[in-house]
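Have a look at the structure below, then the notes.
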Amino acid sequence: MSEPFALVTGTTGFIAARLVPALVADGWRVRATGRRPRPADLPAEVDYRPADLVSDDLGDLCAGVTHVFHLAGASSSKSSQEEMDRNNVEATRRLLDAAGKVERFVHMSSTSVYGEEEQLPVPVREDVEPHPSRGYGKAKWGAEQQVWAAAEAGVPAVVLRPVTVYGPGATKLLASAILDAAIERAAGLPRLAVGAEPNEQRLLHIDDLVAACVHVATTEAAVGRAFNVVDGLYPSSHDVVAVLAPCFGMEPEIGGEGLDEARRRTVYERLVAHGMEPAILFTPDRLRLMGKTNRNNRLSTEALESTGFRFARTDFAAAVADNVDWYRAHHWLPATG
Ligand SMILES: NC(=O)c1ccc[n+]([C@@H]2O[C@H](COP(=O)([O-])OP(=O)(O)OC[C@H]3O[C@@H](n4cnc5c(N)ncnc54)[C@H](OP(=O)(O)O)[C@@H]3O)[C@@H](O)[C@H]2O)c1
């Protein structure tokens, strides 16, 4: 093998921003890219080159790289359907063309490809025929089709399909629920309310996803395969609130409603005016992540574990408490409360 030289896309975003320092710490030479200017906290030795994967020439970006970690993509929290298609499907097609026959092409897909309308055999295995039901899942499945076509043509590709990722640096999904708790605490509520009907969640800590990226890039048995990535804990919405409430000195309350949107927004704006960074996405629906049900929620991780991968962040309460501390230290949440 030649000296490993990684190109990481999406490094102005959440997941790739965590993968890059891990690769550097492991001794990889890294070139990083995103559309926005160089992130301030990127390790100094990383060669950063801004590029739009859809419209820029990608030849120089890919020159000399042995491994591609393709994490750039667009999700429904911030993008229209047209943007999601363009920045997932077209971006992936152009990157594969430009990268050619690298030693490994690791593609970040999503379990949204399985969809929620069609009942699949559960726990869902990677070899099932996906039935994406929403625009994001369709765009991610379209991007995967590009990867599988390249794999047919000889590219040693691996596809990861993670669930909702949380942890330091996350700005959406569980992060928004954590923000909701901070808002209600700042409003003086003693209890954090959650709907009476428990709703099963599926989550993954960023550290485990970063470890999985490195694992499949360096494990021969991973080539040509897709892997679900989920920590296997499946906390219910009640469990999540039971873990979140004490982080804010609150009691969990099953069956309550919490504040309405207007009141939450007023408190949120007050917190921002008092110095909280508006980094975490404020969602009009309170605890939005936990309102969704999915008949295909349970996923098999046998395939990934059969290649020797083990999940490490399996203490959910400790991981959430660390995550809240990180947000406080970075002023993404008020320092106390
Ligand atoms: N976060 C999750 O919970 C989760 C779960 C499952 C799968 N995934 C997948 O994991 C990947 C990374 O997710 P994330 O949460 O880190 O995403 P993110 O924070 O939204 O970041 C997306 C990244 O993609 C870049 N990008 C988008 N379109 C681009 C284009 N046309 N050219 C170049 N760069 C482009 C963005 O660049 P700029 O910001 O500079 O424009 C940004 O760096 C995505 O493919 C996502 O679908 C995420």
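The values are calculated or read from the model by the stated rules, or taken from the named source; none is laboratory data. None of these values were measured; they are calculated from a predicted model. Note that each Cβ is placed from the backbone with ideal geometry, even for glycine, and that neighbours are counted across all protein chains shown. Keep in mind that these areas ignore ligands, DNA and RNA; they rest on the heavy atoms of the full protein, side chains included. Shrake-Rupley method; radii C 1.70, N 1.55, O 1.52, S 1.80 Å.
For residue 288, put the label point 7 Å out on the Cα→Cβ axis and report which residues of region 207-243 keep their amide N under 14 Å from it.
What the label zone holds, given the 14 Å backbone N cut-off, is no residue at all.
Can you tell me the order of 233-241, 179-187 when each peptide is scored by its average per-residue count of other Cβ atoms within 10 angstrom, highest first?
Per-residue mean Cβ counts within 10 Å order the peptides as 179-187, 233-241.
Any aspartates and glutamates with Cα under 15 Å of the residue 78 Cα? List them, leaving off those in the same chain fewer than 8 positions away.
Straight-line reach from residue 78, under 15 Å: no aspartates and glutamates qualify.
How compact is region 140-281 by the rule of thumb for globular proteins, expressed as Cα Rg over 2.2 N^0.38 Å?
So region 140-281 has a normalised radius of gyration of 1.35.
What is the Cα coordinate range of the chain on the first, second and third principal axes, sorted by size from largest, in whole angstrom?
Principal-axis extents of the chain (Cα, largest first): 58, 45, 37 Å.
What angle do you read, to the nearest 10 degrees and between 0 and 90, between the alpha-carbon axis of helix 206-218 and the longest principal axis of the chain?
Once rounded, the angle reads 10 degrees.
Report, ordered by chain and residue number, the aspartates and glutamates lying within cross-link reach of residue 140, taken as a straight Cα distance under 13 Å and ignoring same-chain residues fewer than 8 apart.
82, 83, 85, 90
How far, in degrees from 0 to 90, does helix 135-152 lean away from the longest principal axis of the Cα atoms of the chain, to the nearest 10?
In the chain, helix 135-152 runs at an angle near 20 degrees to the longest axis.
Rounded if a/c is under 1.5, else prolate if a/b beats b/c, else oblate: with a ≥ b ≥ c from the C-alpha gyration tensor eigenvalues square-rooted, which is region 92-155? Show your work: numbers first, answer last.
Details: a/c = 3.04, a/b = 1.99, b/c = 1.53.
Cα axes put region 92-155 in the prolate bin.
In the chain, carbon and sulfur make up what percent of the accessible area (probe 1.4 Å)? Before the final figure, lay out each step's value.
On the way: 6960 of 14470 Å².
C and S atoms contribute 48 percent here.
What whole-number value in Å² describes the accessible area per residue of the chain for a 1.4 Å probe?
Ligands and nucleic acids excluded, the result is 43 Å² per residue.
Pairs of alpha-carbon atoms within less than 8 angstrom and 6+ residues apart define the contacts here; what relative contact order does the chain have, in percent?
Averaging sequence separation for qualifying contacts and normalising by length gives 18 percent for the chain.
Under a point spin-label approximation (7 Å from Cα along Cα-to-Cβ), what is the residue 263-residue 336 distance to one decimal in nm?
Computed distance between label sites residue 263 and residue 336 equals 2.4 nm.
I need the peptides 308-318, 147-157 ranked by packing, meaning the mean over residues of other C-beta atoms within 10 angstrom, with the highest value on top. Don't skip to the answer; put the middle values down first.
Values: 308-318: 14.6, 147-157: 17.1.
Result, highest mean Cβ count within 10 Å first: 147-157, 308-318.
Sort out for me the Cα centre separation of region 1-76 from region 87-154, rounded to whole Å.
Between the Cα centres of region 1-76 and region 87-154 lies a distance of 20 Å.
Report the antiparallel proportion of the DSSP beta bridges in the chain as a percent, rounded to a multiple of 5. Provide the component values of the computation, followed by the final result.
Numbers: 1 of 32 bridges.
That works out to approximately 5 percent antiparallel.
For residue 66, what is the net charge nearby, where nearby means another residue's Cβ is under 10 Å from its Cβ and Lys, Arg count +1, Asp, Glu -1?
That works out to 0.
Between residue 196 and residue 236, what length comes free when the chain is fully extended (0.36 nm per residue of separation minus the Cα-Cα distance, one decimal in nm)?
13.3 nm
Indicate the gyration tensor shape class of region 1-60 (rounded, prolate or oblate), computed on the Cα atoms with a ≥ b ≥ c the square roots of the eigenvalues: a/c under 1.5 is rounded; otherwise a/b larger than b/c is prolate and the rest oblate.
Taking the square roots of the gyration eigenvalues as a ≥ b ≥ c, region 1-60 is oblate.
With +1 on the Cβ of every Lys and Arg and -1 on the Cβ of every Asp and Glu, and nothing else charged, how large is the dipole of region 193-337 about its Cα centre, in debye rounded to the nearest 20?
Dipole about the Cα centre, nearest 20: 340 debye.
So how much slack lies between residue 125 and residue 63, counting 0.36 nm per residue of separation and subtracting their Cα-Cα distance, in nm?
18.8 nm
If I model a spin label at residue 305 and residue 38 as a point 7 Å from the Cα along the Cα→Cβ vector, what separation in nanometres do I get?
4.3 nm
Would you calculate the separation in nanometres between label points at residue 279 and residue 329, each defined as 7 Å from the Cα along the Cα-to-beta-carbon direction?
Taking the simple label geometry, residue 279 and residue 329 are separated by 1.1 nm.
Using 0.36 nm times the number of residues separating residue 49 and residue 254, minus their current alpha carbon distance, what extension gain do you get?
Computed gain between residue 49 and residue 254 is 68.9 nm.
With runs of 4+ DSSP H residues as the only contributors, calculate the mean residue ellipticity of the chain at 222 nm using -39,500 (n - 2.57) per run, divided by the residue total and rounded to the nearest 500. Don't jump to the answer; show the numbers that get you there.
Values: 11 runs with 117 residues, N = 337.
That comes out to -10500 deg cm²/dmol.
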